[in-house]
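These notes are about the structure you will find just below.
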Amino acid sequence: MKKQIICLCYLTIILSSASIIMNQNVFAETINQSIIVSEIKIEKPFEIAKNHFKNAEYRQAIEIYDTILDKEPDNELALKMKGMAHNAIGEHTTSLKQFFKIFQEKPNDVTTLTAMGIGFGNLGEYQEGLNYLEKAKKQKPNDVIIKNYIQFLEKTIKKYPNPITEKPVDYKKENNEKIPQWVKQTVNWWAHDKINDSQFLNSLEYMIQRDIIKVNEEFSFADKNELKMLSAIRNDLNLWSEGSSTNNEFFKITNWFIENKLIENKKVQSKKTQEQLDHEYYLFTKYLRDISHNISKEKRYIEYANPSEEVIKKYIRDYNKWNFEQQTLMSSADFPDPTYKVIDETYIITYKVFINPQPAGLPLDHVSTLNKSFEFWENQELQVQYQKGVVEFEVTNLKHEANVWVTWVVRSLGEGVLGHAHLGKGVVEVSLGDHSCDGKFQLYSIESVQTIMTHELGHSVGLPHTGDKQNIMYPSLTPTYAYCLSN
């Protein structure tokens with residue numbers, strides 16, 4: 001959703017003012033989004049549920065998703081959105097069951113893997129959550145939300161190393177994961193030149209792809225791309241076939257083959273039977289019951305995987321400290337003017353900046369990111385009274401001597417407003433997030449906050465808006481979120 005950025009601005013040189021407001025763009029309905037019956041517009045169930053979801057009316061949304069699933073039990077979108085709704089109201093085990101049904105059919109679905117990672121994190125099973133998120137990252141390596149959750153869980157594991165709940169033993173799977181005895185014979189043939197390299201690798205690839213051999217990815221060489229001679233690998237496998245090493249050595253070598261692209265681990269599987277799916281689901285629900293039992297027994301501390309709600313609590317707790325609401329009503333004339341000097345016909349304008357700290361424990365470090373916004377403007381060439389000008393920023397802890405005060409807020413700045421600033425000098429406030437994603441407050445991504453901050457600092461040094469969409473001073477932005485799964 002695009003939002004416009006407008007600012008409260010006062011410029012010592014230009015002597016004008018404006019306000020930084022972001023207007024939300026409203027998209028017109030299309031005929032595809034609704035059904036016309038007897039001149040009465042009836043929205044499709046998904047649209048109604050979506051509106052309930054955005055307004056945090058999760059129970060009403062779940063009821064509609066249930067009606068959809070009654071007719072289409074495998075409707076993937078309904079399963080996902082229902083899972084997200086249950087997660088939003090704290091019903092994490094129910095949410096995980098919904099997503100597991102999708103996982104059974106689509107084990108590489110990024111949204112499902114991410115949601116399951118979050119779900120297990122919300123149950124205090126941080127390592128299991130991390131396992132799913134790492135799988136999601138393999139599918140989408142540059143996804144900001146996945147990276148943020150991984151980072152959050154890694155930190156949480158160090159702080160609260162909860163005991164790990166053992167998974168139920170699947171005797172059927174356990175029996176299937178043993179390496180067939182005749183595989184050792186195939187290795188022996190290769191070791192004694194009865195089959196060549198190509199024949200052996202093709203044979204091994206065939207068995208792996210059809211799950212005759214199940215590769216245990218937990219075992220691999222420390223350096224996956226370690227350079228090894230095929231003859232040395234052949235010798236190591238031969239020792240394994242003769243019983244001189246464990247199956248872990250076999251798994252290490254097969255993983256090495258896969259990592260070095262000598263064989264391809266692309267599964268060729270037939271569709272699972274309903275009996276297999278039901279058995280998997282039974283084991284998964286048993287695992288969730290065991291986790292719930294352990295939570296009750298251990299009274300474990302749980303730090304929920306989505307920290308956005310906790311941010312609001314910290315800001316409300318000491319509202320005046322983080323928000324400069326009163327100061328925004330001041331005239332920018334109440335702030336001291338920046339200083340300047342002229343060197344080689346270039347104006348060098350120095351702004352002293354007071355930077356408000358962030359609440360302790362905020363998961364995203366915007367104070368450090370602010371330096372990038374400073375660097376951006378310090379590398380720009382500006383025009384001052386028809387001459388070249390550059391700006392430099394100097395951080396101060398004394399509010400009374402600062403030309404610009406910077407803070408990050410969670411209060412509403414107005415409909416669709418991302419931030420605002422006085423023009424030329426004064427206050428800069430940048431929103432950390434909003435309620436537009438799923439009805440709850442969600443933090444913006446670091447990239448979005450940095451873009452907003454850079455824009456607002458542009459107003460602080462006297463720059464108005466521009467109609468150039470590629471320019472940082474263009475007044476419209478579609479922010480992205482740091483933790484919102486339904487983004």
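Structure values in brief
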read-out: Enumerated strands (runs of 3 or more DSSP E) restricted to segment 376-487, each holding at least 3 residues that are in contact with a Ser or Thr (Cβ under 8 Å, 6 or more places away or on another chain); value: 387-395, 404-409, 419-421, 426-431
read-out: Which listed residue is under 30 Å from S486 (Cβ atoms) and either open to solvent by 10 Å² or more (accessible area, probe 1.4 Å) or of a type outside the set (S, T, N, Q) (or both), from V410, V384; value: V410
read-out: Test result for E125, out of contact with any Gly (no Cβ under 6 Å at 6 or more places or on another chain), among the acidic types (D, E), closer than 19 Å to D290 by Cβ and open to solvent by less than 20 Å² (accessible area, probe 1.4 Å); value: yes
read-out: L262 vs. criteria under 30 Å from N122 (Cβ atoms), open to solvent by less than 100 Å² (accessible area, probe 1.4 Å) and either part of a loop (DSSP other than H, G, I, E, B) or of a type in the set (A, V, I, L, M, F, W, C) (or both); value: no
read-out: Test: residue in segment 145-162 that is among the basic types (K, R), at pLDDT 85 or above and in a loop (DSSP other than H, G, I, E, B); value: no
read-out: Helices (runs of 4 or more DSSP H) contained in segment 35-140 and holding at least 3 residues farther than 20 Å from D438 by Cα; value: 58-71, 92-105, 126-139
read-out: Of all residues making up segment 83-117, the number that are among the β-branched types (V, I, T) and open to solvent by less than 20 Å² (accessible area, probe 1.4 Å); value: 3
read-out: Residue list for segment 133-164, filter: among the aromatic types (F, W, Y) and crowded, with 22+ Cβ neighbours inside 10 Å; value: Y149, F152
read-out: Residues of segment 353-375 satisfying the condition of being part of a loop (DSSP other than H, G, I, E, B) and not charged (D, E, K, R); value: N356, P357, Q358, P359, A360, G361, L362, P363, L364
read-out: Set H465, H459: member being farther than 30 Å from F152 by Cα and open to solvent by less than 20 Å² (accessible area, probe 1.4 Å); value: H459
read-out: Flag if K252 is of a type outside the set (V, I, T) and open to solvent by 80 Å² or more (accessible area, probe 1.4 Å); value: no
read-out: Any hit, segment 324-341, residues being among the β-branched types (V, I, T) and either farther than 30 Å from K214 by Cβ or touching a residue at least 60 places away in the same chain (Cβ under 8 Å) (or both); value: yes
read-out: Matching residues in segment 293-316 - criterion: being open to solvent by 30 Å² or more (accessible area, probe 1.4 Å), part of a helix (DSSP H, G or I) and not small (G, A, S); value: H293, I295, K297, E298, E309, E310, I312, K313, K314, I316
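The values are calculated or read from the model by the stated rules, or taken from the named source; none is laboratory data. Just so we're clear, the structure is a prediction, and the values are computed from it rather than from any experiment. Note that each Cβ is placed from the backbone with ideal geometry, even for glycine, and that neighbours are counted across all protein chains shown. With ligands, DNA and RNA removed, areas are computed over all heavy atoms of the protein, side chains included. Shrake-Rupley method; radii C 1.70, N 1.55, O 1.52, S 1.80 Å.
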